[in-house]
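The values are calculated or read from the model by the stated rules, or taken from the named source; none is laboratory data. Just so we're clear, the structure is a prediction, and the values are computed from it rather than from any experiment. Every residue, glycine among them, receives a Cβ derived from its backbone with ideal geometry; neighbour counts consider all protein chains shown. To get the accessible areas, we keep the full protein, side chains included, count just its heavy atoms, and leave off ligands, DNA and RNA. Shrake-Rupley method; radii C 1.70, N 1.55, O 1.52, S 1.80 Å.
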Amino acid sequence: MSSKKTIPHSEASTRFNKDVERVNWHDETLWFVREKRDRSAHQIPDWELLRETASQIKNNVLSNIHDYLVEFEANAQKNGIIVHWAADAKEHNEIVHSIMAKNNIKQMVKSKSMLTEECHLNDYLAEKGIEVIDSDLGEFIVQLRKEPPSHIVLPAIHLKKEDVSETFHEHLGTEKGNFNPQYLTESARQTLRDTFLTRKVALTGVNFAVAETGEFVVCTNEGNADMGAHLADVHIACMGFEKLIPQRKHLGVFLRLLARSATGQPITTFSSHFKKPRKGQEMHIVIVDNGRSTQLGREDFRNSLKCIRCGACMNTCPVYRRSGGHSYHNAVAGPIGSILAPNLDMSKNADLPFASTLCGSCTNVCPVKIDIHDQLYKWRQVLVKEGHTPTAKTVAMKTMATVLANPTIFNIAGKSGRFVMKNIPAMVNNKMNKWYDQREMPEVPEESFREWYKKNSRESKAKDNE
């Protein structure tokens with residue numbers, strides 16, 4: 001399991017922001033993806049109907065999750081798939097390792113799976129002497145750099161081609177200074193080719209699992225999940241239980257939404273259905289809870305389990321775009337991660353719901369209509385009540401509440417504040433006040449709005465009486 005010290009979002013984002021050119025590039029690149037999403041969505045007349053339909057299907061799933069899980073398990077077993085249940089990350093990792101150990105295999109090829117990132121599977125297996133190679137190009141790059149992915153769809157979006165070139169030169173022996181994307185991609189492809197041909201165990205994530213048929217669907221743009229699964233003797237698929245949908249016909253709704261929301265594509269290049277193992281192959285599926293049932297029981301936050309991991313909320317979020325995915329210190333970053341993470345550990349993730357402007361853009365683009373910004377606001381209330389906010393901040397907010405609730409104190413505080421800002425500005429504009437780190441002192445008004453209003457109201461009445 002990861003034992004690294006958690007760096008608060010504010011501190012981590014400050015580090016990211018030191019490279020202004022990279023921050024601007026990161027911001028512009030993700031906004032470009034957001035614009036592609038908009039253009040793609042606007043080409044479908046029934047886009048909002050699709051969103052509403054997907055949202056209602058997910059409502060149905062979450063309300064009847066027990067029945068659908070039982071149905072999925074029964075149908076998957078009929079198809080010859082071995083079904084495992086994991087209560088938490090530890091159990092998930094132990095199950096995957098037990099499958100490897102039973103087959104006496106020490107190497108695995110893995111396609112993108114945010115659940116395994118959530119469970120820190122790679123670290124766990126490394127401790128057991130098992131080598132894991134991530135075959136998704138972005139995941140492969142960050143694995144070489146010993147970094148976690150910074151985005152659930154674009155794992156290496158924080159890196160430029162120059163960074164990738166240096167990484168490949170160091171680890172793959174590519175030509176130094178060659179930044180050509182085609183050359184770099186081909187180098188990775190040649191390296192991974194041997195991995196696909198020699199690994200006996202392949203692990204994939206699951207985008208959708210169909211209760212009606214007992215099959216699961218994996219969506220990729222590179223075909224790496226298919227290469228791994230079709231060549232391996234053992235295929236392990238790992239999924240959070242919320243990935244269920246009732247019937248195969250419902251896939252049409254979600255597949256039309258997923259890629260358009262993620263990258264602006266009409267559909268992912270590969271939408272692969274896995275229903276039964278081929279002759280001589282073992283196929284396992286590990287269904288994981290890891291806090292999901294707790295979230296399901298939180299009325300204000302259960303809708304977050306509708307998420308189909310498209311990343312649209314990250315691409316539009318002004319905070320994520322300018323703070324980077326690693327500042328969220330979790331497998332799932334951005335707005336959706338900020339409402340999922342506190343459920344797992346309030347104390348560790350108390351900073352994340354505050355890393356938002358509450359502008360609502362995340363909610364506007366969510367393909368399954370999760371009320372993300374509302375949940376961010378509600379998490380703030382829960383965290384304060386549970387005592388997970390810094391003491392200084394809690395005291396400051398309580399003081400402000402007292403001031404704002406009492407007109408007399410409010411007037412005195414306003415006059416005092418204007419006097420201090422005008423005559424002793426250093427008491428406000430100093431290193432202790434983070435608000436002024438990147439802001440200039442505003443011009444101090446001569447009077448408050450209330451004073452101005454009273455004065456002008458008297459003058460207006462006097463004129464009317466003349």
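Residue-by-condition table, conditions (1) modelled with pLDDT under 95; (2) open to solvent by 10 Å² or more (accessible area, probe 1.4 Å); (3) in contact with an Asp or Glu (Cβ under 7 Å, 6 or more places away or on another chain):
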{"position": "PHE254", "(1), (2), (3)": "no, no, no"}
{"position": "GLN281", "(1), (2), (3)": "no, yes, yes"}
{"position": "LEU296", "(1), (2), (3)": "no, yes, no"}
{"position": "GLY325", "(1), (2), (3)": "no, no, no"}
{"position": "TYR328", "(1), (2), (3)": "no, no, no"}
{"position": "CYS359", "(1), (2), (3)": "no, yes, no"}
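Evaluation of LYS160 against the conditions (1) under 24 Å from LEU344 (Cβ atoms); (2) open to solvent by 20 Å² or more (accessible area, probe 1.4 Å) shows that the sole unmet condition is (1).
Let's see how each residue does on (1) in contact (Cβ under 8 Å) with a residue 60 or more places away in the chain; (2) exposed (fewer than 10 other Cβ atoms within 10 Å of the Cβ); (3) of a type outside the set (Ser, Thr, Tyr):
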position	(1), (2), (3)
VAL395	no, no, yes
THR399	no, no, no
ALA413	no, no, yes
ASN423	no, yes, yes
PRO445	no, no, yes
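Each residue in segment 146-171 was checked for being at negative phi and in a loop (DSSP other than H, G, I, E, B), and 14 of them qualify. Annotation note: Cβ proximity below 6 Å between a residue of segment 283-312 that is touching a residue at least 40 places away in the same chain (Cβ under 8 Å) and not assigned by the TED database to the domain that holds LEU244 and a residue that is open to solvent by less than 20 Å² (accessible area, probe 1.4 Å) and hydroxyl-bearing (Ser, Thr, Tyr) (sequence gap 6+ or interchain) occurs for CYS310/SER261; ALA312/SER261. Could you say whether any residue in segment 172-184 is open to solvent by 20 Å² or more (accessible area, probe 1.4 Å), touching a Leu at 6+ places or on another chain (Cβ under 6 Å) and not in a loop (DSSP other than H, G, I, E, B)? No, segment 172-184 contains no residue that is open to solvent by 20 Å² or more (accessible area, probe 1.4 Å), touching a Leu at 6+ places or on another chain (Cβ under 6 Å) and not in a loop (DSSP other than H, G, I, E, B). Hey, does segment 336-358 have a residue that's small (Gly, Ala, Ser), in contact with a Phe, Trp or Tyr (Cβ under 6 Å, 6 or more places away or on another chain) and over 20 Å from GLN56 (Cα atoms)? Scanning segment 336-358 turns up at least one residue that is small (Gly, Ala, Ser), in contact with a Phe, Trp or Tyr (Cβ under 6 Å, 6 or more places away or on another chain) and over 20 Å from GLN56 (Cα atoms).
I'd like to know if segment 74-82 contains one or more residues that are under 22 Å from the mean Cα position of the chain (by Cα) and open to solvent by 20 Å² or more (accessible area, probe 1.4 Å). Within segment 74-82, not a single residue is under 22 Å from the mean Cα position of the chain (by Cα) and open to solvent by 20 Å² or more (accessible area, probe 1.4 Å). Of all the criteria given as (1) modelled with pLDDT of 95 or more; (2) open to solvent by less than 60 Å² (accessible area, probe 1.4 Å), the one not satisfied by THR6 is (1). Residue count for segment 425-466, restricted to those that are more than 27 Å from ALA392 (Cα to Cα), modelled with pLDDT under 85 and outside any helix (DSSP H, G or I): 1. Which of the residues belonging to segment 330-344 are open to solvent by 10 Å² or more (accessible area, probe 1.4 Å) and among the hydrophobic types (A, V, I, L, M, F, W, C)? ALA331, VAL332, LEU340, LEU344, listed by residue number.
The set of residues in segment 252-281 being among the polar types (S, T, N, Q) and within 22 Å of ILE81 (Cβ to Cβ) consists of SER271, SER272, GLN281. Residues that are surrounded by 14 or more Cβ atoms within 10 Å (Cβ to Cβ) and either in contact with a His (Cβ under 8 Å, 6 or more places away or on another chain) or among the basic types (Lys, Arg) (or both) within segment 269-279 comprise PHE274, LYS275, LYS276, PRO277, listed in sequence order.
Selection within segment 380-393: residues that are of a type outside the set (Val, Ile, Thr) and outside any helix (DSSP H, G or I). The member of this set that is most open to solvent (accessible area, probe 1.4 Å) is GLU386. Annotation: ASN224 fulfils all but one of (1) open to solvent by less than 20 Å² (accessible area, probe 1.4 Å); (2) more than 23 Å from THR29 (Cβ to Cβ); (3) within 27 Å of the chain's Cα centre (by Cα); the unmet one is (2).
What number of residues within segment 10-30 are in a loop (DSSP other than H, G, I, E, B) and either loosely packed, with under 12 Cβ neighbours inside 10 Å or in the same structural domain as LYS161 (by the TED database) (or both)? Final tally of qualifying residues: 1. Of all residues in segment 88-143, those that are in a helix (DSSP H, G or I), farther than 24 Å from THR167 by Cα and open to solvent by less than 10 Å² (accessible area, probe 1.4 Å) total 5. Among the residues here, ASP67 qualifies as open to solvent by 40 Å² or more (accessible area, probe 1.4 Å), farther than 25 Å from VAL332 by Cβ and either out of contact with any Leu (no Cβ under 9 Å at 6 or more places or on another chain) or in a helix (DSSP H, G or I) (or both).
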